[in-house]
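Asks: Let me begin by handing over the structure; questions about it come next.
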Amino acid sequence: MAILIIFLLGVGNFALHRALLDSGHPLLAQMPWLTHALTRNLSLLVELLILVGGLLLVSRGLVWGALAYLCYSLLNAISAWLILSGRV
């Protein structure tokens with residue numbers, strides 16, 4: 001069950017990450033290296049590696065891996081909400 005939850009959180013993280021990359025927010029303009037297509041894909045690859053790490057930890061029965069990924073997802077959601085809602 002925990003693996004399914006981590007996977008669904010990962011799907012949400014990818015959706016938020018992609019929404020932020022496509023938002024055209026002025027904050028992203030301050031990081032010109034992120035506008036390059038290769039760098040954008042590398043940032044999504046890092047997101048994938050974090051998800052795979054979380055899934056591996058949970059598959060080994062390490063509860064702290066699930067909690068760590070949950071905290072990571074919550075921080076992603078809060079920061080995406082702040083950026084996409086124009087509060088930052």
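Please treat every number below as a calculation from the coordinates, not as lab data. Quick caveat, the model's predicted, so the values are computed rather than measured. Methodologically, a virtual Cβ is constructed for each residue, glycine included, from the backbone with ideal geometry; neighbour enumeration extends over all protein chains shown.
Asks: Filter the trypsin sites (Lys or Arg not before Pro) in the chain down to the DSSP loop ones having no more than 14 other Cβ atoms within 10 Å, then list what survives.
Replies: Values: sites: 18, 40, 60, 87; in loops: 60, 87.
Those satisfying the criteria are 60, 87.
Asks: Here is a further query. Give the Debye-formula value of log10 I(q)/I(0) at each listed q (0.10, 0.16 Å⁻¹), with one equal scatterer per alpha carbon of the chain, two decimals each.
Replies: So the normalised log intensities are -0.28, -0.66.
Asks: Would the range 47-88 count as rounded, prolate or oblate if I go by the C-alpha gyration tensor, calling it rounded below 1.5 in a/c and otherwise prolate when a/b exceeds b/c, oblate otherwise?
Replies: Values: a/c = 6.05, a/b = 2.64, b/c = 2.29.
It comes out prolate by the Cα gyration axes.
Asks: Anyone know which of 13, 76, 41 comes out most mobile in the 10 Å Cα GNM of the chain?
Replies: It is 41.
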